[in-house]
Amino acid sequence: MTHGSEQARPTWRSALRWCVPIGFLALVAWLVVREIDSLDLLSMQRTLMQVPLLPTLAIGVFALAAVAFTGLIDVILSRWLKIAVRRREVFRLAFVANTLSNTLNLSGAIGSAVRLLGFSSLGIETPRSAALVGIQVLALPLGLSVLIGWTLLHGEIPTITDAGAQWLVVVAMIAAVTYLPLFFVLTSRRTLMRWLPESQPLPSLSLKLGLSLVSLLDWLLAAAVLYACLEISGVHIRPGDLIASFAAASVLGLLSLVPGGLGVFDSVLLLALTTAGYEQAPSMAGLFLFRICYYVFPLFAGLGFGSGMLARRMPLLVRAGERLRTHPLFAVLGLPAGLLAGFGMRLLAVLTFAAGLLLLGSAAIPAVREHVEVVRDVLPVAAIESSYWLSILAGVVLLGLGRGIDGRLRLAYRLTMPLLLLSAVLALTKGLHYAEASFLLGVAGLLRLRKREFSHAAMSLSSAVTFGWYAGLLVVVCVFFAVGIGSVFGDDSFDLMYFGADGHSSRLARGLVAALIGLVAYLTWQSFAVRRPLLKLPDRDELLRARGLFEEFGGGEFAHLSFMRDKHLFWSADGHAVMAYGSVRDRLVALGSPCGSDAARRRAILDFRRFADTQDRVPVFYEVFERDLSLYHDLGFDLFKLGELAIIPLAEFSLAGKRWEDLRQAVNRSTKEQLSFELLEPPFDTVLMSELEQVSDQWLAEKSAREKGFSLGRFDRDYLEWGQIAIVRRAGEIIAFANVLPPYGPGGVLSVDLMRHVTDAPRGTMDFLFARIMQWGKDRGDTHFSLGMAPLSRVGDNPYARINERLAALAFQYGGRFYNYQGLRSYKDKFAPQWVGSYLAYPRGLWVPGLLIDIAALVEGGYRRFLFGGRHGS
């Protein structure tokens, strides 16, 4: 749960998490450019094409087993900590965690978050699950430290460059070799292991030795997968060279903080192998295969294997995440608990984007002539060229559809699935690209496993997330265009209509047209197909239907404001509950709680949340009261106190006594001022409405105010026709009025909305109006009268309140120059009312000040009026 009370992480730590990876990537890029004349991608491609399929699949299976073996550490630790979870369940959770950790974060933070939330959802107490995670993270590098020690002992330090940067490798390896003894020493001190459960003894020597052995075998298995990938690519490497290069690259990859060590691990290993005399192209092919077998294959398996497991427990996971955020291990490791809120979906979106990137990258690299000739023996030239052209078109569209997958769009899923399957077929018909087809089919398979989660019908087209995806799409397409144009200008014999097997530049030039068509088609489709539908304002029949529910079940304090028709009505699926709501940016803001029976109200809140989700919007409930707080809490909402509502029991109302002194004096003074009170029933004639409008305009001009809306009434003739109007006359002339909000249903509360008077109205005129309305309500049997809200009253008035509410308390105390918070509270306090807390209910993790600004803009009538003002009146 993200509250304002949470302290921001230190700026220096956030800076390091960006600067260190960027620095490492820049360094290795400089070394690669300096030490390697050119990267022969075409030779690498030819090498990959010659790799036999069945042995590659066998290596992939071996890699899955190697990644699964890491889970043995979890099993050992769960037994040591006496965690009552079946061994098979521990293995499953560890496998999912490790597959994500390998790809997304080599230091294990992602995997640790999965483990913590997974164990917590299984009912394991936080101290024990956190202890397992802590020891697992500490134990994982032990085997690497042993490998580094062996490398240094045998003098096998790999050379990646000359002395100018070689020192970095040496220092990193020396630091890594000291990790093993430090682990044994430091884990023997209770002061450093105080995060262990108090009843749990320190790790024994036998446990540490066992963890070290398992970790060593784990790293050796990873090295064995790399050895197999290099061997099958034609690099016959000595085991000593492999261990030394692999260990050094792994250490630098870990230190770089780059997810999966991507770029750093690969570059260091490539430099070490080429410096040792191994050929560049086969080495690159082997490294590429290693990434596929040890990272991508297990990631696919982990997503497929774990998505169902964690999706079934998602409510438990969310609650577990809220509990765990306060644990110190999250702060120490920076564990991204929020990642699991949409477990795997963001990864699937990235994989969809990667599928489009792969199709464009495949088109940009010249095809292997032998493969093209084999296909030409079976298919006509037109079919092959069409496959190439269509694969580029599909690639661009898949780049864009990644955003729809990320937004769980049902329509995006329905387009992506057939497009992936078609692209897999095109990968074969354009040049027998088996690996490409396998990847596309793998992504399609993972999407199929999550089919039920694609329930959204629309998404925001103007959010920062959407613009980020747009930027990625445009960057990739621009790079593809740059490659295509460069190929055309670099071919002296270029002929756009040449269709030979070696006509790569001609084929690529025609593909640029496909890329442009795909980009325009996607952007046009997204602008219309996934746009949020317009929200309909209620007509009179719908409002009459809503009033029937108000009168039967009670409409709450804001039911009558529905008749302003500036809000939409949301009905529960069964039609037995209704609520009014407004829309601002991507927020759907309900005014108060739903109206209906208790069961129907609960269903309506859930239905409203699902409705908002399908539109990629955020559901918020503004001004819900204490009686409903448990309902919102149980349904997963967080709460922020907005202020207090002043309620007067009308049975206590009387003009006698000190409590009612101001009202009594106003009533007594009314005779002297020739004031009279009337309560008028609709319909109202035009003359009366014109008089009231004149009073309203004077009041607005005096206050330098303009009409508002949503939770505040405004002068609108149609709205005023829905209820009674109380007026005060002076010598027959209307000088003040208020429209009465009736107490709908059982337990309803009588109140007023618009309260306006002319500039020269006698002092106490509005008190006189209040007194007469309350007396009228008491006489007819109403039980309560509302004096309205005292904003920020009793908000954050204790040292244990959340920081957002403590900041609101400062606004209440010192913000008098902007709004008379304390004066309004004092005025209402003199009537000794019952104070009822009013709250904002919102999904966990949202920034409350941003929500309050959105609601302020909604009350003003939109951000344009909120920021730039507007003319008076409605």
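Considered as a group, the residues in the stretch 427-460 that are assigned to a loop (DSSP other than H, G, I, E, B) and small (Gly, Ala, Ser) include one that is nearest to the chain's Cα centre (by Cα), and that residue is 460. Could you look through the stretch 825-871, keep only residues that are farther than 24 Å from residue 789 by Cα and surrounded by fewer than 13 Cβ atoms within 10 Å (Cβ to Cβ), and pick out the one that is modelled with the highest pLDDT? Filtering first and then ranking leaves 864. Taken together, the residues in the stretch 76-90 that are surrounded by fewer than 17 Cβ atoms within 10 Å (Cβ to Cβ) and in a helix (DSSP H, G or I) amount to 4. Taking the criterion of being open to solvent by less than 90 Å² (accessible area, probe 1.4 Å) and part of a loop (DSSP other than H, G, I, E, B), the residues of the stretch 183-193 that qualify are 187, 188, 192, 193.
Taking the conditions (1) aliphatic (A, V, I, L, M); (2) within 18 Å of residue 517 (Cβ to Cβ); (3) not in a helix (DSSP H, G or I) in turn, residue 378 satisfies each one other than (2).
Among the listed residues 607, 697, 685, which satisfies the condition of being closer than 24 Å to residue 861 by Cβ, modelled with pLDDT of 90 or more and among the acidic types (Asp, Glu)?
Matching residue, one of 607, 697, 685: 697.
Each residue in the stretch 672-693 was checked for being free of Cβ contacts under 8 Å to residues at least 12 places away in the same chain and open to solvent by 60 Å² or more (accessible area, probe 1.4 Å), and 4 pass.
Name the residue, out of 202, 196, 211, that is over 21 Å from residue 63 (Cβ atoms), touching a residue at least 40 places away in the same chain (Cβ under 8 Å) and outside any helix (DSSP H, G or I).
Every option except 196 fails the conditions.
If you go through the stretch 445-475 and keep only what is of a type outside the set (S, T, N, Q) and in contact with an Asp or Glu (Cβ under 8 Å, 6 or more places away or on another chain), you end up with 456, 458, 459, 465, 469.
Taken over the stretch 617-633, the criterion of being closer than 28 Å to residue 460 by Cα and surrounded by fewer than 17 Cβ atoms within 10 Å (Cβ to Cβ) is satisfied by 633 alone. A count restricted to the stretch 639-669 and to residues that are part of a helix (DSSP H, G or I), open to solvent by less than 20 Å² (accessible area, probe 1.4 Å) and under 11 Å from residue 771 (Cβ atoms) stands at 4. Taken as a whole, the condition of being in contact with a Cys (Cβ under 9 Å, 6 or more places away or on another chain), open to solvent by 20 Å² or more (accessible area, probe 1.4 Å) and in contact (Cβ under 8 Å) with a residue 12 or more places away in the chain does not apply to residue 285. Going by the conditions given, is residue 243 assigned to a helix (DSSP H, G or I) and not basic (Lys, Arg)? Yes: the conditions hold for residue 243.
Residue count for the stretch 604-616, restricted to those that are surrounded by fewer than 21 Cβ atoms within 10 Å (Cβ to Cβ) and either more than 14 Å from residue 569 (Cα to Cα) or not hydrophobic (A, V, I, L, M, F, W, C) (or both): 7. Counting only helices (runs of 4 or more DSSP H) that fall entirely inside the stretch 529-638 and contain at least 1 residues that are within 14 Å of residue 841 (Cα to Cα) and not aromatic (Phe, Trp, Tyr), the qualifying elements are 598-614, 629-634. Scanning the stretch 398-413 for residues that are closer than 22 Å to residue 515 by Cα and either outside any helix (DSSP H, G or I) or without any contact (Cβ under 8 Å) to a residue 12 or more places away in the chain (or both) yields a total of 0.
Conditions tested, residue by residue: (1) under 20 Å from residue 211 (Cα atoms); (2) in contact with a Gly (Cβ under 9 Å, 6 or more places away or on another chain); (3) assigned to a loop (DSSP other than H, G, I, E, B); (4) modelled with pLDDT of 75 or more.
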| residue | (1), (2), (3), (4) |
| --- | --- |
| 100 | no, yes, no, yes |
| 110 | no, no, no, no |
| 117 | no, yes, no, no |
| 127 | no, no, no, yes |
| 134 | yes, no, no, yes |
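Within the stretch 545-562, one or more residues are among the charged types (D, E, K, R) and crowded, with 22+ Cβ neighbours inside 10 Å. Listed by first and then second residue, the pairs with beta-carbon distance under 6 Å, at least 6 apart or on different chains, first residue in the stretch 848-863 and of a type outside the set (Val, Ile, Thr), second surrounded by fewer than 16 Cβ atoms within 10 Å (Cβ to Cβ) and assigned to a helix (DSSP H, G or I), are 857/863. Considering the conditions (1) modelled with pLDDT of 90 or more; (2) farther than 19 Å from residue 566 by Cβ; (3) not in a loop (DSSP other than H, G, I, E, B), residue 761 is excluded by exactly one of them, (3).
Taking the stretch 560-571 as the range and being within 20 Å of residue 625 (Cβ to Cβ) and out of contact with any strand residue (DSSP E or B) (no Cβ under 6 Å at 6 or more places or on another chain) as the test, only 561 passes. If you take the residues of the stretch 695-716 that are in contact (Cβ under 8 Å) with a residue 40 or more places away in the chain and over 14 Å from residue 753 (Cβ atoms), which of them is surrounded by the most Cβ atoms within 10 Å (Cβ to Cβ)? Per the stated criteria, the residue is 695. I'm trying to understand the selection: among the residues of the stretch 398-418, which are crowded, with 22+ Cβ neighbours inside 10 Å and farther than 12 Å from residue 616 by Cβ? Result: 398, 399, 400, 401, 402, 405, 413, 416.
The values are calculated or read from the model by the stated rules, or taken from the named source; none is laboratory data. No experiment lies behind these values; they were computed from the predicted model shown. Cβ: placed from backbone, ideal geometry, glycine included. Neighbour counts: every protein chain shown. For accessibility, only protein heavy atoms count, side chains too; no ligands or nucleic acids. Shrake-Rupley method; radii C 1.70, N 1.55, O 1.52, S 1.80 Å.
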